[in-house]
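The values are calculated or read from the model by the stated rules, or taken from the named source; none is laboratory data. From a predicted model like this one, the values you see are computed outputs, not experimental measurements. Backbone-built Cβ (ideal geometry, glycine too); neighbour counts: all protein chains shown.
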Amino acid sequence: MNTRQTAALQLRRDIKGIDRKVPVLNRRRSRYVYLDNAASTPPLKPVLNQMDEFWNWYSGVHRGTGYKSLISSRIYDESHEIIARFVGADLERDTVVLVKNTTEAINKLSFRLQLQPQDIVAVTAMEHHSNELPWRARAQVRYIQVDKDGLLVPDHLEQLFRKYPSRIKLVAVCGASNVTGHINPVHRLARIAHSHGCPILVDGAQLIPHRRFDMKPHSHGDHIDFLAFSGHKVFAPFGAGVLIGPRSAFASGVPDYQGGGTVKLVTSNRIWWADPPDKDEAGVPNVGGAFGLAATLKYLNRLGMDQLGGYEEELTDYALEKLRATRGVKIYGERPRVGVISFNLSDLPHALVGAVMCFEAGIGLRTACFCAQRYVRHLLGLTENDVDPALYESNRLDKIPGMVRISLAPYNTREEIDILVKWLKILNENKYEFRRRYKFSPQFGGYWPVGLDENAYFNLAGVSL
Ligand SMILES: Cc1ncc(COP(=O)(O)O)c(C=O)c1O
């Protein structure tokens with residue numbers, strides 16, 4: 001076993017619930033195969049154990065004078081530093097703002113940049129809605145093109161700068177796509193942006209969990225100015241996300257949320273705002289989330305992001321090879337990519353593929369458009385004229401164009417890929433039979449096996465409040 005495999009195996013051993021069996025039709029239980037890590041990753045047992053101890057010392061942060069408050073405050077502050085170091089942020093010049101998730105981070109930045117209506121934000125044509133809609137709401141958006149395989153065309157950014165001199169105030173790009181897994185050349189894009197005096201934001205939601213990342217020093221031309229990512233996609237429990245950027249960008253202007261913790265002094269007619277990041281972390285903060293995220297990042301550093309990323313690359317190659325050799329499978333996108341692979345199977349609705357994988361095979365994956373509808377349409381060769389809003393209004397996932405997505409993490413195995421491929425083959429060879437055995441339910445929002453009692457099925461988990 002090489003060092004990559006050793007790291008990946010250790011990660012697998014530490015995944016909470018990795019041995020959990022789920023109910024499947026015709027058999028009683030099957031080991032859950034989780035291939036939806038781009039949505040959320042499971043937490044880690046060692047981190048949960050560490051947190052179990054932490055809760056004994058938990059108390060209000062930055063507000064109390066008791067010992068537990070002091071400990072909690074210290075841990076909360078330290079978590080910011082650990083997060084900054086994980087991505088090579090500059091602890092002197094940058095600030096780490098703890099938020100809920102990437103969506104909140106990007107919305108916050110869109111507010112804090114004080115954009116004017118005529119300003120332009122250049123985003124790519126492959127963004128998740130969370131890195132598109134906040135910019136559309138506050139400025140004008142121009143899209144950096146992608147080619148027919150969905151790969152970014154970096155030179156187009158240069159053209160946009162020439163076309164709109166001085167108007168582009170931010171370049172906002174994903175580090176990796178949540179549809180095709182494409183890894184964007186973010187440092188190259190940073191160099192282009194900086195040569196025009198423009199900062200860059202990297203939406204790291206799908207990159208940080210998969211690769212070691214370095215924002216690089218401020219003095220470098222390819223430094224990343226702003227970075228956002230979600231703890232729940234990088235094995236951290238208890239919901240903390242991150243927005244990192246220069247302190248100066250947060251020192252001016254007013255915060256989007258105002259209230260306790262955000263101020264130094266309040267008089268009847270003036271407010272003196274607190275220093276970053278406090279100014280942007282309104283209310284009592286999520287110290288559990290901060291602890292969980294920082295402890296998780298330390299854990300990942302111990303195993304080695306390069307080892308884990310290397311293992312995942314090999315696993316992704318294996319999955320691509322197996323899927324390519326499976327009749328009826330059409331894969332979207334090209335390398336370079338993280339372990340996110342979207343495909344379709346023959347003429348089967350993506351939602352039916354998802355249902356069969358869930359109910360028959362015990363496999364968790366995702367289908368449809370993955371909150372990146374414009375990009376998915378592009379990859380499918382559709383235009384906006386092909387869109388029927390009524391289908392979306394009525395949640396007809398059986399008719400809405402889309403894809404099936406698997407997203408790997410370094411704890412997944414070749415055996416799990418083999419199980420997926422085996423079931424794709426079974427489905428493809430028995431299409432008529434499966435179409436008959438499943439019925440689309442708009443109420444449930446997906447296909448449901450004919451005759452399966454919903455309550456009885458969900459009660460099998462034995463989990464309740
Ligand atoms: C590329 C990308 N950006 C942003 C988000 C939003 O992340 P969150 O839901 O954690 O805010 C996602 C979620 O899947 C994503 O894949």
Item to complete: Return yes or no: is Lys16 at negative phi, away from the ligand (no atom under 16 Å from the Cβ), at pLDDT 95 or above and assigned by TED's automatic domain parsing to the domain that holds Leu408?
Response: yes
Practice prompt. Please name all residue pairs, on different chains or six or more residues apart, with Cβ atoms under 8 Å, provided the first residue is in region 248-263 and is within 18 Å of Leu113 (Cβ to Cβ) and touching a residue at least 60 places away in the same chain (Cβ under 8 Å) and the second residue is part of a strand (DSSP E or B) and β-branched (Val, Ile, Thr).
Written response: Phe250/Thr95; Phe250/Val97
Discussion item. Go through region 208-229 and report how many residues are over 16 Å from Arg85 (Cα atoms) and under 22 Å from the mean Cα position of the chain (by Cα).
Written reply: 1
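Residues are listed down the side, and each one gets a yes or a no for (1) in contact with a Gly (Cβ under 8 Å, 6 or more places away or on another chain); (2) hydroxyl-bearing (Ser, Thr, Tyr); (3) in contact (Cβ under 8 Å) with a residue 60 or more places away in the chain:
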{"position": "Pro165", "(1), (2), (3)": "no, no, no"}
{"position": "Ile208", "(1), (2), (3)": "yes, no, yes"}
{"position": "Asp222", "(1), (2), (3)": "no, no, no"}
{"position": "Asp225", "(1), (2), (3)": "yes, no, no"}
Worksheet, complete the sentence: The correct count of residues that are surrounded by 24 or more Cβ atoms within 10 Å (Cβ to Cβ) and within 12 Å of the ligand (Cβ to nearest atom) in region 176-196 is 7
Worksheet entry | Options Val33, Val24; residue that is surrounded by fewer than 18 Cβ atoms within 10 Å (Cβ to Cβ), assigned by TED's automatic domain parsing to the domain that holds Asp14, away from the ligand (no atom under 15 Å from the Cβ) and of a type in the set (A, V, I, L, M) | Val24
Worksheet item: closer than 29 Å to His210 by Cα and buried (at least 20 other Cβ atoms within 10 Å of the Cβ): does that describe Leu424?
Response: yes
Discussion item. For a quick check of your reading of the model, give me the residue pairs whose first member lies in region 322-340 and is of a type in the set (Lys, Arg), whose second is in a helix (DSSP H, G or I), with beta-carbon atoms closer than 8 Å and at least 6 apart or on different chains.
Written reply: Lys322/Ile417; Lys322/Asp418; Lys322/Val421; Arg327/Lys425; Arg327/Asn428; Arg337/Thr316
Practice prompt. Among the candidates Ala456, Ala461, single out the residue that is assigned to a helix (DSSP H, G or I), loosely packed, with under 13 Cβ neighbours inside 10 Å and not β-branched (Val, Ile, Thr).
Written response: Ala456
Item to complete: Filter the strands (runs of 3 or more DSSP E) completely within region 179-256 down to those with at least 2 residues that are of a type outside the set (Ser, Thr, Tyr) and farther than 21 Å from Gly289 by Cα.
Response: 200-203
Practice prompt. Please indicate, with yes or no, whether at least one residue in region 162-172 is in contact with a strand residue (DSSP E or B) (Cβ under 8 Å, 6 or more places away or on another chain), in the same structural domain as Val287 (by TED's automatic domain parsing) and within 13 Å of the ligand (Cβ to nearest atom).
Written response: yes
Fill in: Matching residues in region 210-220 - criterion: being in contact (Cβ under 8 Å) with a residue 40 or more places away in the chain and surrounded by fewer than 24 Cβ atoms within 10 Å (Cβ to Cβ)
Arg211, Arg212, Phe213, Asp214, Lys216, Pro217, His218
Response to the item:
Among helices (runs of 4 or more DSSP H) completely within region 323-410, the ones holding 1 or more residues that are within 15 Å of the ligand (Cβ to nearest atom), crowded, with 20+ Cβ neighbours inside 10 Å and not charged (D, E, K, R) are 373-380
Response to the item:
Checked region 346-365 for anything of a type outside the set (A, V, I, L, M, F, W, C) and over 22 Å from the mean Cα position of the chain (by Cα); matches are Ser346, Asp347, Pro349, Glu360, Gly362
Discussion item. Need the failing condition index for His218 against (1) within 16 Å of the ligand (Cβ to nearest atom); (2) touching a strand residue (DSSP E or B) at 6+ places or on another chain (Cβ under 9 Å); (3) closer than 24 Å to Ala176 by Cα, just the number.
Written reply: (1)
